[in-house]
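**Q** Got a structure for you, written out below as structure tokens; questions coming shortly.
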Amino acid sequence: MAREAGSPTCSAVEEEAAPTWRLTAMAKERGECVVIHTQNTRKTSLIQDLQLSMAREAGSPTCSAVEEEAAPTWRFIGEFEILKQQRCRRVYSKKGSKNDLGLFFNKEDGTFHAMGAWCGHMGGPLYEGDIEDYKGKAHVMCPWHAYMFDIKTGKSDIGLEQSTYIVRVDDGKVFILHSNPLSVNPYL
Ligand code: FES
């Protein structure tokens with residue numbers, strides 16, 4: 001036992017105790033919630049190992065805790081046959097209304113397109129606009145001042161540009177690639 005003069009005390013020895021897993025970071029990987037743990041074995045915090053593990057251990061943060069910072073993933077929006085009945089539609093973001101989208105259906109070619117809900121001019125609600133043919137291409141017409149935005153690129157011919165998002169139709173279901181949860185119904 002460490003009882004001689006100059007010997008390390010028990011508290012000093014304690015720092016060299018068996019390593020434990022410590023939460024150091026969180027991430028989204030392939031749509032699954034994961035927690036990054038590091039195993040420290042010295043008080044100098046030398047990281048000897050790094051491991052990704054599923055967030056299943058007691059006390060681990062839940063997926064919802066990291067959801068807001070997640071990488072984009074496919075968000076189910078609704079059934080194609082139902083959504084196509086409305087050409088312009090608001091899609092709500094769980095992160096707040098400023099992140100809402102407009103979902104637009106081009107009945108000419110049967111495609112959906114998504115862009116930021118609020119017009120880059122003065123914030124008009126594009127999802128209350130209309131789809132018009134403009135210079136031979138489908139455009140969203142803003143209901144406030146009638147500026148036109150290309151339904152595919154989000155660009156207007158006056159230099160404004162909306163953020164656009166990839167829409168996928170798979171087995172009759174519509175998805176938008178986005179980093180936040182989305183819904184055609186408001187979040188309460
Ligand atoms: S707010 Fe959209 S054109 Fe002015």
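Rule-based calculations on the coordinates, nothing more; no lab input. Source: prediction; values computed, not measured. All Cβ positions, glycine included, derive from the backbone under ideal geometry; neighbour counts span all protein chains shown.
**Q** Expected output is a single nm value to one decimal: the length gained when fully extending between D171 and S97, i.e. 0.36 nm times separation in residues minus the C-alpha distance. What is it? Could the numbers behind the result be given before it?
**A** Values: separation 74, 0.36 × 74 = 26.64 nm, distance 2.91 nm.
Between D171 and S97, full extension yields 23.7 nm more.
**Q** Follow-up question, since we're still on this one. What net charge is computed for the residues neighbouring M148, neighbours being all others with C-beta under 14 Å from the C-beta of M148, Lys and Arg scored +1, Asp and Glu -1?
**A** With Lys, Arg at +1 and Asp, Glu at -1, the neighbours total -2.
**Q** Skipping prolines and chain starts, which residues have an amide H placed within reach, meaning under 5 Å, of the one on I77, given they are 5 or more residues away or on another chain?
**A** Amide H to amide H, under 5 Å and 5 or more residues apart or across chains, I77 pairs with V174, F175, I176.
**Q** Sequence-distant or interchain residues sharing an amide H contact under 5 Å with D130, placed H: which?
**A** Counting only residues 5 or more places away or on other chains, the set is M141.
**Q** Follow-up question, since we're still on this one. Quick check for you: which residues of the stretch 149-182 have the amide N under 19 Å from the point 7 Å beyond the Cα of K135 toward its beta carbon?
**A** The answer is 149-164, whose backbone nitrogens lie closer than 19 Å to the label point.
**Q** Quick one: of K98/K155; K152/K173; K137/K173; K107/K137; K135/K155, which pairs are farther than 22 Å apart, Cα to Cα?
**A** K137/K173
**Q** Also, I was wondering about something else. Tell me, what ³J(HN,Hα) does each residue in the stretch 134-149 have, in order and in whole Hz, if you take phi through Karplus 6.51 cos²θ - 1.76 cosθ + 1.60 with θ = phi - 60° and put x for Gly and Pro?
**A** Karplus-based 3J(HN,Hα) across the stretch 134-149 equals 9, 6, x, 10, 6, 10, 8, 9, 5, x, 8, 10, 6, 5, 10, 10 Hz.
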